[in-house]
Amino acid sequence: MNSNEASDYFAVAFGGKPDVVASAAGRVNLIGEHLDYNGGQVLPMAIERRTWAAVRRRQSSPGSTATLSVAASANERERGEFDATRPARVGQWWDYVTGVAGALAADGLQLPQFEIAVVSDVPQGAGLSSSAALEVATSSALAALIGSSIDVKARAAAAWRAETQFVGVPCGIMDQFASAMGAPEHALHIWCDTARTEQVPFTEAVLIFDTAVPRSLRGSAFEQRRAECEEAFRLLRGLYPSLPNLAAATPEQVIAARLPAPLDRRALHVAEENRRVERAVEALRVTGVIPGEILFQSHESLRLLYDASTPELDWFVEHAANIDGVRGARLTGAGWGGCAIAIGDPEGLKRAAEQLPPAYEAAFGLVPRTWLTHAAAGTRVDVGLSSRNSG
Ligand code: GLA
């Protein structure tokens with residue numbers, strides 16, 4: 001898929017050309033799970049799957065129109081009308097678009113009514129941040145549409161506010177930041193307490209394995225973990241008043257605090273996982289690769305301490321570990337279904353992609369999907385006002 005397809009779909013939906021086409025990537029998280037909302041560090045990367053938003057100022061009639069065509073199935077085309085200047089949530093996919101328009105307006109951008117056509121090859125509902133990709137692509141497209149110079153971090157932050165405050169999903173900043181600020185051949189090191197970011201060279205291939213487990217439980221389990229972490233932090237803060245956030249606690253502090261179950265396990269995961277991110281970044285900078293055992297340790301911690309895994313994710317990690325050339329594997333994203341990743345040499349990852357799906361299907365009766373990817377670009381304006389005017 002590319003920006004031409006977004007323009008073509010725009011032409012089918014609205015007639016004529018869009019003023020601007022912008023895109024943003026899906027993401028996987030290499031290490032640092034459930035740390036963003038605990039003030040910790042994370043290391044995601046943008047993947048080679050993107051969402052494109054083609055927009056045009058609407059002059060003829062009031063109200064804005066959004067239309068979506070998802071790559072997987074042309075039948076998924078859905079079209080909605082909304083007022084970009086008075087964003088209201090309606091429980092449809094274009095809430096992400098209206099939410100971003102509202103967030104940008106709150107940042108002082110004067111947005112017109114617009115038409116927007118969206119195409120995407122980010123798998124939906126698989127935990128690869130299709131919603132962040134849509135929000136960030138929209139954010140970049142609308143900013144470009146009015147010639148605003150709002151920077152990429154502010155566009156990512158507006159996308160995050162749309163997700164948390166408008167759509168109402170209580171996620172951390174990782175997904176929108178990775179979708180916006182990912183870069184080819186780099187992982188994105190984010191300190192989520194200050195929103196500082198740094199690019200870390202990362203050129204290896206990553207295998208993504210979608211377990212095809214529906215994500216029905218994900219939302220409620222996620223909210224429950226957030227509440228548990230808040231409570232663990234409140235209790236730890238009673239003992240260590242200068243602690244700025246849960247991720248800053250050392251594993252020793254957590255153990256010494258003897259928190260009630262299951263807060264003890266949740267807090268220990270957060271404290272140890274934060275150190276794993278530091279170790280992974282250090283190894284990456286020195287050797288160019290992430291040691292596989294850090295990924296396995298992260299998975300074990302998510303399984304045993306954070307209760308975020310599933311038999312299907314565990315199956316993948318266990319079986320991937322036995323394949324020659326695979327160095328490490330873990331669930332990625334929230335967990336409770338969705339995707340896992342493996343790293344290793346390209347041949348090993350290819351073997352895993354060939355051998356594991358049939359065995360997985362035989363074991364669970366579910367058809368998994370796999371993608372080999374490299375770190376890719378975050379958001380960009382593919383067709384801008386100036387290129388249209390000059391071309
Ligand atoms: C989801 C959320 C992210 C992050 C991860 C877990 O993907 O959207 O903000 O909390 O779970 O690391």
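Values quoted throughout were computed directly from the atomic coordinates according to the rules given, and no laboratory measurement underlies them. Only a predicted model underlies this, so the values are computations on that prediction, with no experimental measurement involved. A quick note on method: Cβ atoms are made from the backbone with ideal geometry, for glycine too, and the neighbour counts reach across all protein chains shown.
Mind running the shape call on segment 68-183? Use the C-alpha gyration tensor, a ≥ b ≥ c as the square roots of the eigenvalues: rounded below 1.5 for a/c, prolate if a/b tops b/c, oblate otherwise. Rounded.
When you count the other C-beta atoms within 10 angstrom of each residue and take the mean per peptide, 12-23, 230-241 line up highest first as 12-23, 230-241. One equal scatterer on each Cα of the chain, no solvent, Debye formula: the resulting log10 I(q)/I(0) at q = 0.15 Å⁻¹ is -1.30.
Couplings for segment 262-272, taken from phi via the Karplus curve 6.51 cos²θ - 1.76 cosθ + 1.60 with θ = phi - 60°, read x, 5, 4, 6, 4, 5, 5, 4, 4, 5, 6 Hz in order; Gly and Pro are left as x. Entry note: segment 144-256 has Rg to Rh equal to 1.02, where both radii use alpha-carbon atoms and Rh is the Kirkwood radius.
Relative contact order (percent) for the chain, with alpha-carbon contacts under 8 angstrom and 6 or more residues of separation?
Working: 914 pairs, mean separation 93.3, N = 391.
Averaging sequence separation for qualifying contacts and normalising by length gives 24 percent for the chain.
For the chain, give the magnitude of the charge dipole about the Cα centre (Cβ charges: +1 Lys/Arg, -1 Asp/Glu; no others), in debye to the nearest 20. Provide the component values of the computation, followed by the final result.
Working: 36 positive and 45 negative charges, 174 e Å.
The dipole magnitude comes to about 840 debye.
Each of Pro62, Ile150, Ala283 was scored by the projection of its Cα onto the charge dipole of the chain, and the greatest displacement toward the positive side belongs to Pro62; charges sit on the C-beta of Lys, Arg, Asp and Glu.
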